[in-house]
Amino acid sequence: MISVTFITNANKVLAAPENSNLLRVSLRGQGGIPFKCGGGVCGTCKCRIESGLEHTDAVKPKERKHLSEADFEQGFRMACQTFVNGDISVSW
């Protein structure tokens, strides 16, 4: 199991299996990441991986439509498109 810390939600920590979708982890455990569509269309779930960025999968084409290279360099991802393979901390 991996650990996801939701910094913006009073540092709430949730456990999840490896290769879990970040938005789904948030929804199941009331992590609090904002969202609307859940499918990479709206960009509402933009969040920043504060630690553990190396434990996320590759950036998806849908993310590139909403986020810039500068965003990616600063650790921003879209929760609905991001899968997690190790411990991370996230804010929004």
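When each of ILE88, ILE49, ILE2, ILE33 is tested for being open to solvent by less than 30 Å² (accessible area, probe 1.4 Å) and either more than 11 Å from the chain's Cα centre (by Cα) or free of Cβ contacts under 8 Å to residues at least 24 places away in the same chain (or both), the lone residue that passes is ILE2.
Exactly one residue out of PHE83, PHE6 is among the aromatic types (Phe, Trp, Tyr) and in contact with an Asp or Glu (Cβ under 7 Å, 6 or more places away or on another chain): that is PHE83. Here the strands (runs of 3 or more DSSP E) wholly within region 1-85 that include at least 3 residues being β-branched (Val, Ile, Thr) are 2-6.
The values are calculated or read from the model by the stated rules, or taken from the named source; none is laboratory data. In this text, all values refer to a predicted model and were calculated from it rather than measured experimentally. Backbone-built Cβ (ideal geometry, glycine too); neighbour counts: all protein chains shown. Side chains included, ligands, DNA and RNA excluded: accessible areas come from the protein's heavy atoms. Shrake-Rupley method; radii C 1.70, N 1.55, O 1.52, S 1.80 Å.
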